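The values are calculated or read from the model by the stated rules, or taken from the named source; none is laboratory data. Source: prediction; values computed, not measured. Cβ: placed from backbone, ideal geometry, glycine included. Neighbour counts: every protein chain shown.
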Amino acid sequence: MDVIVVGLGGMGSAIAAHLARRGHRVVGLDRFEPPHERGSSHGLTRIIRQAYFEGPAYVPLLLRAYELWRDLEQRSGRELMRITGGLMIGPPGSEIVTGARESAQAHGLAHELLGPAEVVGRFPAFRLQAGEVAVYEPPAGVLFPEEGIAAHLDIASEHGADLRSQTPVNGWSATDSGVRVTTPHAVLRADRLVIAAGAWSGDLLADAMTTTVERMVLTWFHPPREPQLFDAASFPVFVAHHTDDVALYGMPPRADEGVKVAFHHGGRTGHPDALSGVVDDEEIESVRDVVRQRFPQLGSAPVDSTTCFYTNSRDGHFVIGEHPRHPQVVIAGGFSGHGFKFCPVVGEAVADLVDRGSTDLDLSPFSPTRSMA
Ligand SMILES: Cc1cc2nc3c(=O)[nH]c(=O)nc-3n(C[C@H](O)[C@H](O)[C@H](O)COP(=O)(O)OP(=O)(O)OC[C@H]3O[C@@H](n4cnc5c(N)ncnc54)[C@H](O)[C@@H]3O)c2cc1C
């Protein structure tokens, strides 16, 4: 089949690779030059974990994602995933703690509930706040997103995909036999269209999906002393309760870029072309205030920073499936700040939808028809 994939970021690169490996004729289009720093998939590291507080429905996809990341490492010869263990931290009744335990129990995942003394005994960089506990899960770790995108794009190209960067899609329409896609240079036709446009999805899917783009600040703290407390052998990835709407997360460095600690949600919202890429001093100080309490060794550390977009669906769950009115168009969007770890399994599932209109993975919680509700 002839398939056009719009967006070659985390999701689109994986989708293009899976489609091309199955023998489809793929044209992949991106407005920038992926992997790039203008969307949602940059910043050197991403968390991957299994005891998913966002909901047990994600766990089967996660287990498959782990297999596919390892498979991609083998095929590409690149290191893409480093296992560090993970701590989900908060009061015993918080969503992060109860949700992680619920997913772990529902799917029989290895996990332990740790109190403050056990946490500091095993992971000396961490200090729990009064009344907090932690769910520890051994298989959590970090992914290297730019490497993952490059690996998927290489595989897509090796299998004949025609990948075009600097090619913005201005619009598309359904035709009797498929789709028509317009770029500044050409009008392209294909049997199927996949839209994986990240923060710009709303521009192409205004009548099919409601999303809010949120500008997040990423900060890396350079430990002035005892850097070994924060390396991958001693410092698990973590997500910690901050307020009901905002969490704090962090992970060890990939190399020498510093310890990433940042807020999950609570960012400014707007159209991605209008949101500033400049980080204000106050934004750095607000994360430093929390870091000072949780990781005193990092409190006065020098910081590097950048911005990155979340594309939030109304309920915070992904939007994956056929377009509500045009079954020849498949949507992969609304990843709501937690999608990267799923890239290869989304690639596989979307390729199934293009191939045969269905997939063995249960995507019903992510149906586009619910996202307009
Ligand atoms: C700060 C931050 C931290 C995160 N941490 C984690 C984490 O720890 N773990 C995790 O699993 N997830 C995490 N996420 C979320 C995850 O990174 C995203 O869900 C994921 O990268 C989204 O991938 P995407 O393909 O949808 O978007 P992108 O990778 O941004 O890809 C979209 C692509 O579409 C292109 N495009 C858009 N419009 C057009 C058009 N009209 N024509 C042509 N091309 C177009 C863009 O140029 C872009 O390349 C984080 C995100 C951020 C921002």
What residue, of 219, 212, is in contact with a strand residue (DSSP E or B) (Cβ under 6 Å, 6 or more places away or on another chain), surrounded by fewer than 20 Cβ atoms within 10 Å (Cβ to Cβ) and assigned to a strand (DSSP E or B)? 212
Boolean, residue 57 is of a type in the set (A, V, I, L, M), within 27 Å of residue 204 (Cβ to Cβ) and either in contact (Cβ under 8 Å) with a residue 24 or more places away in the chain or more than 9 Å from the ligand (Cβ to nearest atom) (or both): yes
Across region 1-53, what is the total count of residues that are more than 10 Å from the ligand (Cβ to nearest atom), in a loop (DSSP other than H, G, I, E, B) and small (Gly, Ala, Ser)? 2
Quick check on region 76-86. Is at least one of its residues under 23 Å from residue 233 (Cα atoms) and either part of a helix (DSSP H, G or I) or under 13 Å from the mean Cα position of the chain (by Cα) (or both)? no
Residue 272 being surrounded by fewer than 21 Cβ atoms within 10 Å (Cβ to Cβ) and within 30 Å of residue 357 (Cβ to Cβ): no
All but one of (1) assigned to a strand (DSSP E or B); (2) within 27 Å of residue 178 (Cβ to Cβ) hold for residue 309; state the number of the condition that does not hold. (2)
Might you let me know whether region 98-105 holds any residue that is farther than 30 Å from residue 150 by Cβ and of a type in the set (Val, Ile, Thr)? yes
Just one of 233, 199, 206, 240 is within 16 Å of the ligand (Cβ to nearest atom) and in a loop (DSSP other than H, G, I, E, B); which is it? 206
Within region 175-189, is even one residue surrounded by fewer than 23 Cβ atoms within 10 Å (Cβ to Cβ), modelled with pLDDT of 95 or more, in a loop (DSSP other than H, G, I, E, B) and in contact with a Gly (Cβ under 8 Å, 6 or more places away or on another chain)? no
Selection status of residue 30, buried (at least 24 other Cβ atoms within 10 Å of the Cβ), of a type outside the set (S, T, N, Q) and more than 30 Å from residue 139 (Cα to Cα): yes
Within region 350-373, residues without any contact (Cβ under 8 Å) to a residue 60 or more places away in the chain and either over 25 Å from residue 2 (Cα atoms) or touching a helix residue (DSSP H, G or I) at 6+ places or on another chain (Cβ under 9 Å) (or both) come out as 352, 358, 359, 360, 363, 364, 366, 369, 370, 373
From 330, 290, 319, which residue is in contact (Cβ under 8 Å) with a residue 12 or more places away in the chain, out of contact with any Ser or Thr (no Cβ under 8 Å at 6 or more places or on another chain) and crowded, with 21+ Cβ neighbours inside 10 Å? 330
Being within 27 Å of residue 89 (Cβ to Cβ) and aliphatic (A, V, I, L, M) is the filter here, so list the residues in region 279-330 that pass it. 279, 284, 287, 290, 291, 298, 301, 303
Hits in region 316-333 (condition: farther than 18 Å from residue 39 by Cβ and not in a strand (DSSP E or B)): 316, 317, 323, 324, 325, 326, 327, 328
Pairs returned, first residue in region 16-42 that is over 16 Å from residue 185 (Cα atoms), second residue that is among the hydroxyl-bearing types (Ser, Thr, Tyr), beta-carbon separation under 6 angstrom, 6 or more apart or interchain, are 33/165
Kindly check whether there is at least one residue in region 78-85 that is surrounded by 17 or more Cβ atoms within 10 Å (Cβ to Cβ), hydrophobic (A, V, I, L, M, F, W, C) and in contact with a helix residue (DSSP H, G or I) (Cβ under 6 Å, 6 or more places away or on another chain). yes
Taking region 129-165 and keeping residues touching a strand residue (DSSP E or B) at 6+ places or on another chain (Cβ under 8 Å), among the small types (Gly, Ala, Ser) and more than 19 Å from residue 33 (Cβ to Cβ) leaves 134, 140, 141, 160
Considering each of 336, 300 in turn, give the residue that is more than 12 Å from the ligand (Cβ to nearest atom) and part of a loop (DSSP other than H, G, I, E, B). 300
